[in-house]
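First up is the structure itself, then whatever we jot down about it.
Since every read-out is calculated from the coordinates, none of them should be taken as a lab result. No experiment lies behind these values; they were computed from the predicted model shown. Cβ coordinates were reconstructed from backbone atoms using ideal geometry, including for glycine residues, and neighbour counts include every protein chain displayed.
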Amino acid sequence: MTQKELHNQRLLKEAEHAVTHMHTRRHFLKESAMGLGGLALGALFGCKSNSSATSQVVFDPAHPLLPKLPQFPGKAKSVIYLHMAGAPSQLELFDYKPELMKMDGQECPPSLLAGKRFAFIRGVPKMLGPQAKFAQHGESRLWISENLPHFATIADEVSLLKAVTTDQFNHAPAQLLMHTGTPRLGRPSIGSWVTYGLGTENQNLPGFVVLTSGGRFPDAGKSVWGSGFLPSVYQGVQCRSEGDPVLFIKDPDGMDRDLRKASIDAINEVNQQSYQEYNDPEILSRISQYEMAYKMQISVPEVMNINNEPQYIHDMYGTEPGKASFANNVLLARKLVEKGVRFVQLFDWGWDSHGTDAGTAVDVGLINKCRHVDKAMTALVLDLKQRGLLDETLVVWGGEFGRTPMMENREGKQNPFKGRDHHTEAFTIWMAGGGIKKGFSYGETDEIGYSAVSGKTEPYDIQATILNQLGFNHETFTYPFQGRPFRLTDTKGKVIRDIIA
Amino acid sequence: MRSIFHNKIVWLSVVLLAALSIFVFATHEQQIDFSTQVKPILNKKCITCHGGVKAKGGFSLLFREDALAKTEAGKPAIIPGDPGASDMIRRLTLKDPEERMPYKHEPLSKEEINILTKWIKQGAQWGEHWAYVPLKPVTVPDISNAFVKNDVDKFIYAKLEDEKLKPSAEADKATLLRRVSLDLIGMQPSSTIAQQYLHSNDARAYEILVDSLLASPHFGERWTAMWLDLARYADTKGYERDGERNIWRYRDWLIKAFNEDKPYDQFLIEQIAGDLLPNPTDAQYIATAFHRNTMTNDEGGTDNEEFRTAAVIDRVNTTWEALMGTTFACVQCHSHPYDPFRHDEYYKFMAYFNDTRDEDSEGDYPLLRNFEDSSKQQLDELTAWLKQHASQQQAANINRFVRTWEPSINSLTADKFINSELNDTKWLAYRNHGSARLKQVDLQNHNELIYRYIAWDNNGKWQIHLDSAAGPVVVTVPAKATKGWQITSLALPVQQGVHDIYITYENPSLKPEQTGLQFDWFYFTEEFPGKTAKDYNAYKKLFWKLLTINVEATPVMMDNPGDMHRASYVFERGNWLVKGKLVTPEVPQSLNSAMPKNAPKNRLGLAMWLTNKQNPLVARTMVNRLWEQLFGTGIAETLEDLGTQGITPTHRELLDYLSYQFMNEDKWSIKKLLKTIVMSATYRQDSKLTEELKQKDLFNKFYARGPRVRLSAEQVRDQSLCFSNTLNEKMYGESVYPFQPKGIWLSPYNGAQWNMNKDGSQYRRAVYTYWKRTAAYPSMLTFDAASREVCTARRVRTNTPLQALVTLNDSAYTDMSRRFAYRMQKEAGNNVQQQIAKGYELMLYKNIAPNKLQALVKLYNEALLKFKNNPRETCEINGGMNEHLSPETSALIVVANAMLNLDEVITKS
């Protein structure tokens, strides 16, 4: 049996085990409510159970986070999604376009502008050549820019998707599309879907954790980790590096752990009495929720504390304990998946390189942003690998759209710094681990990186692929709402088979 | 082994007998019911491929006319009366898996095929889905016994009998008091009301209690909290910037409407079309803010028309989901997959909402400017004067313009920009030598232009040209620098008809990239009337004062005047950029409810249709919702969907009975309806679960016991405010900022800060809490409150450890724990047992059981021991030094904190 098969078998076992546990009174009753006659009929006449019924995810409000079985054995157990909010420039990082350099400073040909709409470009802008040097790296010879020197060393671990496209050119709608499958508010985020589908392995930690850096939330706000129409228990729990790591996790001042334990014991003792009185099973689940809350109060601060990490880890990630930084969040993400958290979503704000000031210039601010993430994201892949976790952890990195090969001319005027406008027709996302090909590049853009010419993918395809790696068919993984089954990928999405190992 | 085998034989014979009896009954000619027998099979097995989304083989089963039409095979698949000739039946029974339907799925069961066969034989009639049939009087089951208190109980009892279940006894007084108070006013009643009831021997004591709760001003606050989810109310606009929106007067309108028991039909008419009522009052305008709670996108670079359209679509979806329990959203892209709504019907319905003034502007126009006190009086004076000195129409126009600044042309609708631009895609802004167009402006008889603008430079001048940028100049205006936005006017030479106008700007003193002038809106009008009157100048001055005075304003609905009319089209496959055929306002055919004869073809007509007694959905939806609020689950569980895919009601006749009653006898009175339900024996039952019920009806579908449900986010907060004696009973006004941890608000490009109130407003009821869409109040969200980006027809209750953390650790709750402890000390003297017993009684109106008391006393003693040796922690848990500070107090605070977390307290029993 290969390593992979062993792994799958283990996953399946685990999930089966969890599912047996999950068969609570409710489900038993639901089934028996169909009538024993119905069950017997099925057994006697050899009716097969409806195949869709077995893949249906069950929601038990009393135990909404118990681990569940995916639809089929997936390669990944958890996901770390690194979102660079604001949309980094693919032309200074991954998509090497020497032809664009030749056009630098020339007026944009009308063919690129006819019938197009941009967020800020008006009239005829000038072309802007790549503002970084590129080289090929690793055995895979992937092109990576000088802005990401650390990342260049793991070229042979990742798959680059170079022809991702979207149809939203404003941040909030584009981020929503990327994470919820629609540019409008109100749908569940991918992390919520995954938690709904898989529950969580570690009951002492939330199943879906969100970490933000860059000083701001992503433009679409908390909706990008909201649960939409799924029960609110599946929304992302924001863990914070300042204040309580999880809201309200800290006991009030003056209440020590023993006293908290004593008070939860007292609450549960009284609740036990109430159970004798009312016989309502909800009371039993409340008792277990309070026990869980108590455990969470220990395990969350524990996992959120990076002080005790060895120095070599700090050196590797570039972490600085006590600060709110992307590097700290990346290290936390590794710790969280190690502890069984299903989905860790990072947002780093400040990638909106318009060139309206130095901070948003592709040759100044962007380089600074890269310095802040390059080492840490590279360390994440290497660290997961050295811990044997990379195969079962899918790492995704990207923004909500790309940036124009033209220099932005906001309201028809030259911007003071070199910047690029929002661009929907091509950008780059990379993935690593979780059964994704190593050292692989998929999709091509034209000579100047304006639009995708082959291997074109959309946010829905990224979502379908993530779900696939976790063991879900995005077309049948649904939730009934407003009278119809809803899915993350709406009516679209194709698994990007070419990048799957 | 033997016994299992034996059992199998027994089962086999039982099952065979059952099957045989089904067969015998089935062959007996029985009328097949479409809704309950046929439609479920079609929905489950056929309609995915042969419905509103897809019609494979040219065959769709959504409407009868489609189903009986010729398919791609050249003949109809259903021949009424002749199942043998009906291809549909043949295809269901074929052996060849390539031919047999459902394609590549399990075949239909014999019984299902049998039903379909007989249905076709009987004529393939399309029955009506129960919820689409207009309400008729319902016969009440003839039951009278010791249990039954009113008609509700007769329906419930009849079903219980069928299920061989017995109802529970009435709950004790303490439980009932708490239950009905939380249900009707969302919190504890005053202690006078409570004590009166508890100590009364009057047989009518409960009814007196109910009446006083219904009369309480807190009633309106509680039911408003429910309605705000439907109205997707928030204090911010949503999307990226999520800036503030001033719309709290709508919340206050709701509170007043619920308190005065505004009949539900009137309640809806005002919210849907208050602005279209004759001479609308301010309150009627404010009511229309219901549909101005849609989101506005202020992110730079966003297409205003796209988000205006999104808001209109949201209004359509919300109207259906909140008021008619129908999932209409899917009809945007195609005919409804399951229910009888056609694709174009969506857009015909949308046409009612599509012709409104709002255009996703940053100012959230149109607004109702709220004049109060002296300015209100002055407005009345002006109105009275105008009646004397202007035509009726002109007087009305001026009145409306002062109150709303409408109907103005928003500068964001400009196009053909040269050296001009929509600044941040919001306002028309000019550089030197700039021009832009305003399309199709009605200039007929208009000799004055009133406009709102900013100028940043003293040297420029702007011009209006007719028909092209180089066209004839109508007027030239010097633009001097202003201090911020300014409203001013200029005289216009009268023009004939409707023109495209081009506004140009010249200011050579500006640098090429420098912006000199920016417009917000333009209002082309006639000059102020009454020139010959001797007090003309005084009233013109008053007009300008009122027009420009800084008053707080609320977004409201307003229709476009004729010359600004916006046409409506079908969006092909739901894509707003691909416009199909032109449509005019119309309601769907399939609801058996025609437009009332005198109804105008606008939102007012729509409101009349909604509240017409023929409308099958509006009363049912509201009754079902009110029932859900009291019992935790609707009679039909899916409040948002009473259609064929919704969960079938447990007591359909009861729902219909109450709905009919609601419209007729109760004259749409919500209070009367609620009273009927809470007076029923069904509602008053004890909620203890017997072993038998646990086995037979865990989810209380048959109501053999009273409701036992976790409290809503609002109730959890409000009752704790009551326990701790901190509740600030002030009503109305701007939203408030109770305690919230730092770092919750971090919207990009938005410096808004959560500044906690310290003036007592931090203790106001949950319904007044400031609601920011992208970062809603976290402790309420944890208890399943909706973030209110879009309409939430039903909250799903969850039970998670994060909820425990809120009531254990949230500073709002630790503060309330302290004050609750002080109250126990104050009201019960020095004995700890008495203090805790008192606290328990304050919460639940009953004596604490000895073993519960023991558990809490034990906690107290452990805490006391700790604090006696630990002055610092003693002080910390007390929140610092004050007159209460002592180890005993701190120990009691720990107990109070635990008591706020008891299941009995978090749950309504």
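Between B:Glu163 and B:Ala594, the C-beta separation translates, for a Förster distance of 41 Å, into a calculated FRET efficiency of about 0.55. When all alpha-carbon pairs of region B:685-792 are counted, what percent fall beyond 25 Å? Of all Cα-Cα distances in region B:685-792, 40 percent exceed 25 Å. Backbone geometry of region A:305-319 corresponds, through the Karplus equation with coefficients 6.51, -1.76 and 1.60 at θ = phi - 60°, to 3J(HN,Hα) couplings of 8, 9, 4, 8, 5, x, 4, 5, 5, 4, 5, 5, 8, x, 7 Hz, x marking Gly and Pro. Over all directions, the projected convex hull of the C-alpha atoms in region B:219-267 averages 3.6 nm² in area. Extending 7 Å from Cα along the Cβ direction at B:Asn831 and again at A:Asp167 yields two label points whose distance is 7.4 nm.
Averaging 1/r across all pairs of distinct Cα atoms in region A:136-219 and inverting the result yields a Kirkwood radius of 16.2 Å. If you plug the beta carbon distance of B:Lys416 and B:Tyr749 into 1/(1 + (r/R0)^6) with R0 = 25 Å, you get a FRET efficiency near 0.30. Just so you know, the Cα atoms of region A:421-495 work out to an Rg and Dmax of 14.9, 47 Å. Between B:Glu448 and B:Asn550, residue separation times 0.36 nm minus the direct Cα-Cα distance comes to 34.5 nm.
Taking the alpha carbon gyration tensor of the protein assembly as shown, multiplying each eigenvalue by 5 and rooting it gives semi-axes of 49, 41, 39 Å, largest first. Per residue, the Cα convex hull of region B:404-537 amounts to 118 Å³.
Loop-located trypsin sites (Lys or Arg not before Pro) across region B:586-654 with a Cβ neighbour count of 11 or fewer within 10 Å are B:Lys597, with loop assigned by DSSP. Calculated on C-alpha atoms, the gyration radius of region B:31-127 divided by its Kirkwood radius gives an Rg/Rh of 0.91.
Counting 0.36 nm for each residue step from B:Thr281 to B:Ser144 and taking away their Cα separation leaves a gain of 44.4 nm. Based on the convex hull around the alpha carbon atoms, chain B presents an average projected area of 50.9 nm². Radius of gyration (Cα atoms) of chain A, expressed as a multiple of 2.2 N^0.38 Å: 1.05. In units of the compact-protein estimate 2.2 N^0.38 Å, region B:593-750 shows a Cα radius of gyration of 1.37. Is any residue of region B:517-554 close enough, with backbone N under 19 Å, to a label point placed 7 angstrom from the Cα of B:Ala481 along the Cα-Cβ axis, and if so, which? Hits in region B:517-554 for B:Ala481 at 19 Å: B:517-519.
Using bins of 10 Å that start at zero, the share of Cα-Cα pairs per bin across region B:555-658 amounts to 12, 29, 32, 20, 6, 0, in whole %. Taken along its principal axes, the alpha carbon cloud of region B:210-338 reaches lengths of 52, 39, 30 Å, longest axis first. Using modelled amide H (1.01 Å from N, peptide plane; none on Pro or chain starts), what sits under 5 Å from the amide H of B:Trp521, excluding residues fewer than 5 places away? Result for B:Trp521 returns B:Ser411, B:Arg452. Taking N as the residue count of region B:163-210, its C-alpha radius of gyration divided by 2.2 N^0.38 Å amounts to 1.30.
Phi-derived couplings, Karplus 6.51 cos²θ - 1.76 cosθ + 1.60 at θ = phi - 60°, listed residue by residue for region B:238-249: x, 6, 4, 6, 6, x, 5, 10, 8, 9, 5, 5 Hz, with x used for Gly and Pro.
Annotation: extensible slack from B:Lys579 through B:Lys531 equals 12.5 nm (criterion: 0.36 nm per residue apart, minus Cα-Cα distance). With both labels modelled 7 Å from their Cα along Cα-to-Cβ, the B:Thr36 to B:Gln377 distance reads 6.7 nm.
The ellipsoid that matches the Cα gyration tensor of region B:271-348 has semi-axes, each √(5λ) in whole angstrom, of 25, 20, 10, with the longest given first.
Mean projected area of the convex hull spanned by the Cα atoms of region B:197-284, taken over all viewing directions: 8.2 nm².
Rounded to the nearest 0.05, what FRET efficiency do A:Ala358 and A:Lys133 have when you use their Cβ-Cβ distance and R0 = 25 Å?
My answer for the efficiency is 0.75.
Residue-wise HN-Hα couplings along region A:274-285, as the Karplus relation 6.51 cos²θ - 1.76 cosθ + 1.60 with θ = phi - 60° gives them from phi, are 4, 5, 4, 6, 9, 6, 8, x, 4, 5, 5, 6 Hz; Gly and Pro carry x. In µm²/s, what is D for region A:268-324 at 37 °C and 0.692 mPa s, where D = kT/(6 pi eta Rh) by Stokes-Einstein and Rh is the Kirkwood radius from Cα pairs? Translational diffusion coefficient: 229 µm²/s. Counting only DSSP H runs of at least 4 residues, each contributing -39500 (n - 2.57), and dividing by the residue count of the protein assembly as shown, the helix-based mean residue ellipticity at 222 nm comes to -11500 deg cm²/dmol. The tail of the calculated P(r) for region A:315-473 beyond 23 Å holds 49 percent of all Cα-Cα pairs. If you take the alpha carbon atoms of region A:362-426 and fit the smallest convex hull around them, that volume is 98 Å³ per residue.
For chain A, the longest principal axis of the Cα atoms and the long axis of helix A:326-338 meet at an angle of about 40 degrees. In terms of modelled amide H atoms, which long-range or inter-chain residues lie less than 5 Å from the amide H of A:Lys418? Excluding prolines and chain starts, which carry no amide H, the hits are A:Val362, A:Asp363. Near B:His433, the amide H atoms lying under 5 Å from its own belong to B:Tyr505, B:Glu506, B:Asn507; only residues 5 or more places off or on other chains count, and H is placed 1.01 Å from N.
After finding the eigenvalues of the alpha carbon gyration tensor for region B:619-685, what semi-axes result from the square roots of 5 times each, listed largest first in whole Å? Don't skip to the end; give the middle numbers.
Values: eigenvalues 70, 40, 18 Å².
After scaling each eigenvalue by five and taking roots: 19, 14, 10 Å.
Each of A:Tyr312 and B:Ser191 was given a label point 7 Å from its Cα along the Cα-to-Cβ line. The distance between the two points is 6.8 nm.
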